[in-house]
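Written out below as structure tokens is the structure these notes cover.
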Amino acid sequence: MILKSVLLGIGILTIVCAVPLYSSAQEDNIVVAVVNGSKLKKADLDQELWKLLPEHRAIHGKVAADKMERIRKEAMQKLVETELRYQDASAKGMKLSKSELNEEIEKISSRYKTNKAFKSSVSAAGFDEKSFALLVERTVLAERIRVAEVDNKVMVPDTAVREYYDKNSSRYSKPQEYHASQILIKVDPAASVEERSQRRSRAEMILKKLKEGAAFADIAAQESDDLSRIKGGDLGYFHAGQTMADFDDALEKMKVGEVSGLVESIYGYHIIQLNDKRPPRQIPFEELRAKIKAELIGNEKMRLTGLWMSGLRSKAVITYPGEK
């Protein structure tokens, strides 16, 4: 499917006018879903479809046919949910005044050089003036009712945040951390015995220079085969388990300021300098308060949204004309 798109912003929302290049006005008006008697058309579905496509496109910009069908089903679900929210907003007395509607449409049209260009884009997306106004109204009210039914009902007191931290304290601990530098002499896994021996001899010569007092950072910059050489071999801080077992084992036995002997791995020969060591620690609650609260708010929004939408769907009559 080849799509032509026009990005149209509505407040914090985004409307995307999208339509196949080969589509006709007749195709745009095909009814794809009926929600409690309200007809949703192909042009409406294209809106949701285009919003999802950027997340699923491969590097070459194409989407496989089977994947496109899955995206289409997801878009249909979002379209139906938006309509259910819009109907719920209307049932609860939410309205968009004519001046508010015009203001929202003006926000969109202001992105175009001329009003003619704006109207052309709307038309290309399969909408006339009336259906586009309905699209804008539906989008805005669906978001307003979501805020009222979900965001404004979320309650996460500080006591709940603290309780969650205490119950999940094991998640918020940091293992022992190391700050190390290295010099790596690479050895190809397919290297012959002779080649491996030559590489080891080079590593031993470097180690000898360090023992004689050469600065580790200088030798790393000159001799290391690892990219860390540009920083004098500095690897920064990392915790146990983030490196190879042989590397970890060597670090565990070292004292701060010490330089290791040769440490052999699948990559070659390492010479390690331990710059600092931090013991395991529990991350304080205050460092995590905001992060945990945001996580709990997100979870609560998902729960409330699920309950709300389940209730709306259970009372709705939804059909999909044309689908078997």
Worksheet, complete the sentence: To the nearest 20 debye, the chain has a Cα-centred charge dipole, built from +1 on Lys and Arg Cβ and -1 on Asp and Glu Cβ, of 940 debye
Worksheet, complete the sentence: The answer for E264, listing residues at least 5 apart or on another chain whose modeled amide H is closer than 5 Å to its amide H, is H270
Worksheet item: To the nearest Å, what is the center-to-center distance of the stretch 103-148 and the stretch 182-226, using C-alpha atoms only?
Response: 66 Å
Worksheet entry | Counting DSSP beta bridges with both ends in the chain, the antiparallel % (nearest 5) | 100 percent
Worksheet item: Rounded if a/c is under 1.5, else prolate if a/b is larger than b/c, else oblate: which is the chain, with a ≥ b ≥ c the root eigenvalues of its Cα gyration tensor?
Response: prolate
Worksheet, complete the sentence: proj_area_mean for the stretch 176-279 (convex hull on C-alpha atoms), units nm², value 6.1 nm²
Response to the item:
Over 30 Å (Cα to Cα) among K41/K116; K92/K130; K67/K291; K62/K107; K67/K301; K186/K291 -> K67/K291; K62/K107; K186/K291
Discussion item. For the stretch 247-261 and the stretch 267-311, what is the centre-to-centre distance using only Cα atoms, to the nearest Å?
Written reply: 29 Å
Item to complete: Mind running the shape call on the stretch 84-225? Use the C-alpha gyration tensor, a ≥ b ≥ c as the square roots of the eigenvalues: rounded below 1.5 for a/c, prolate if a/b tops b/c, oblate otherwise.
Response: prolate
Fill in: Surrounding net charge for Q282, when Lys and Arg each add one and Asp and Glu each subtract one, Cβ distance under 13 Å
+1
Fill in: Of S121, S109, S228, the one that fluctuates the most in a GNM where the chain has Cα springs shorter than 10 Å
S228
Response to the item:
Under the helix-only model (-39500 (n - 2.57) for each DSSP H run of 4 or more, divided by the residues of the chain), the mean residue ellipticity at 222 nm, to 500 deg cm²/dmol, is -17000 deg cm²/dmol
Worksheet entry | Total formal charge among the other residues, if their Cβ is under 11 angstrom from that of G236, Lys/Arg +1 and Asp/Glu -1 | -2
Item to complete: Place the peptides 286-292, 204-210 in order of packing, highest mean first, counting for every residue the other Cβ atoms within 10 Å and averaging per peptide.
Response: 204-210, 286-292
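Each reported figure results from applying straightforward, stated rules to the coordinates on display, with no laboratory input. Keep in mind that what you see is a predicted model, and the values were worked out from it rather than measured. We place every Cβ from the backbone using ideal geometry, glycine too, and count neighbours over all the protein chains shown.
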